[in-house]
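Notes follow once the structure below has been shown.
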Amino acid sequence: MSGILDSIIINAGAEYTALDFFTHPSNVQGIPISKFSAPGSDTDTSVVSRDSTTTRAFYSIGSVPSRIPGTRDLKGFFSFLSGLAWSFNLTSPRTYRGNLINYPDDGRRYLAFDEYVSNQLFPLPPQLGRNMEYTYEDYQMYFTLYLGYYEGKNVNFGVGPIYGLAVYRMDIIEREQRISSVKNQLQELKGLRLLLEYNIGQYFPDTILYNAYLFLEVTSFGDLDGKGLNIRNQVATANGLPAPSLYMNMTTYRMGVRKEIQLSKEPHKKEEGPAYPPLQNLPSAGLPPKEDTKSDSENPG
């Protein structure tokens, strides 16, 4: 951009999102409890969401990857900086709905320590256990720093970490009663992005698609440190105790076409040569050479 916005990038495509909520397993004196009968559980995390894959239409304002100014032609030790690029994204709010199964427990009350351990090791199956509905909505603002970005004639490729913020709200409903409602919470975003672009405009050089690219974009939040994004909630256990933290992983797959539209006229190229044609009506125009003028003055008659 040169002071005034002279072009805009338009993306058109489809999005597919996998949204998973999970918790770290309960522990007794620092030793994690592994659930024997819960599907998908392990010693690190326990997935508590169901119907976690969905498609959503949304609006996004962003930029194509751009080289860091002044690094394209660097040589020597700092030449690695020429492979860096960055971009930013701002998304419109998206709403996801699903179910939480056996979170934070299966709904059975316990009176003794051995009952608590037994309920943790052998939870009720999803058909008989605790089942809650959730509504999750957020919008995101983040930057991507491509640590490796290749820009070829017809193929672009980039991969790098993401950092930004999200504003979210989450409601949890159990037996048609809202038991948790958290609004306008800030969440730090950390993730990873993979981008692949192919120039399809090369096949349509004389059309409006002359600079169109087919792109595939994979964005994953919460996978850098393996802990996920901590999501605040107000759910209690069957005995009224605070529930363990709820975490989230979000992976988005986008595929479509991006096109740059010019909003202003391209500047005219300067023509070679003088700015104006030489004038033909000057007083000196058409006078004979200096030698001829001298010879005429010596022989006047």
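One table, with the values for the structure above:
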| read-out | value |
| --- | --- |
| Lone qualifier among 139, 146 - being aromatic (Phe, Trp, Tyr) and open to solvent by less than 40 Å² (accessible area, probe 1.4 Å) | 146 |
| Filtered residues of the range 161-193 (kept if open to solvent by less than 60 Å² (accessible area, probe 1.4 Å) and under 11 Å from the mean Cα position of the chain (by Cα)) | 161, 162, 164, 189, 191, 193 |
| Criterion (closer than 22 Å to residue 254 by Cα and touching a helix residue (DSSP H, G or I) at 6+ places or on another chain (Cβ under 7 Å)) met by exactly one of 192, 196, 209 | 209 |
| Verdict on residue 103 being surrounded by 13 or more Cβ atoms within 10 Å (Cβ to Cβ), modelled with pLDDT of 85 or more and at negative phi | yes |
| Criterion violated by residue 252 - all others in (1) open to solvent by less than 80 Å² (accessible area, probe 1.4 Å); (2) in contact with a strand residue (DSSP E or B) (Cβ under 9 Å, 6 or more places away or on another chain); (3) within 19 Å of residue 46 (Cβ to Cβ) satisfied | (3) |
| Test: residue in the range 121-131 that is small (Gly, Ala, Ser), farther than 23 Å from residue 168 by Cβ and loosely packed, with under 12 Cβ neighbours inside 10 Å | no |
| Residue match in the range 80-96 (condition: touching a helix residue (DSSP H, G or I) at 6+ places or on another chain (Cβ under 8 Å) and at pLDDT 85 or above) | no |
| Test: residue in the range 28-37 that is β-branched (Val, Ile, Thr), open to solvent by 70 Å² or more (accessible area, probe 1.4 Å) and modelled with pLDDT of 60 or more | no |
| Residue check, residue 269 under 30 Å from residue 155 (Cβ atoms), at pLDDT below 90 and assigned to a strand (DSSP E or B) | no |
| Residue among 176, 197, 188 that alone is of a type outside the set (S, T, N, Q) and at positive phi | 176 |
| Strands (runs of 3 or more DSSP E) wholly inside the range 142-210 containing at least 3 residues that are in contact with a Cys (Cβ under 6 Å, 6 or more places away or on another chain) | none |
| All positions within the range 203-222 that are closer than 30 Å to residue 20 by Cα and modelled with pLDDT under 90 | 222 |
| Cβ pairs under 6 Å, 6+ apart, first in the range 46-68 and more than 30 Å from residue 244 (Cβ to Cβ), second at pLDDT below 80 and surrounded by fewer than 18 Cβ atoms within 10 Å (Cβ to Cβ) | 64/9 |
| Candidates 164, 152, 129, 160, filtered to the one that is closer than 30 Å to residue 60 by Cα and modelled with pLDDT under 90 | 152 |
| Test set (1) closer than 30 Å to residue 101 by Cβ; (2) of a type outside the set (Asp, Glu); (3) open to solvent by 80 Å² or more (accessible area, probe 1.4 Å) - residue 208 fails condition number | (1) |
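The values are calculated or read from the model by the stated rules, or taken from the named source; none is laboratory data. Everything numeric in this text was worked out from a predicted model, so none of it was measured. All Cβ positions, glycine included, derive from the backbone under ideal geometry; neighbour counts span all protein chains shown. Quick note on the areas: whole protein, heavy atoms, side chains included, nothing else; ligands and nucleic acids left out. Shrake-Rupley method; radii C 1.70, N 1.55, O 1.52, S 1.80 Å.
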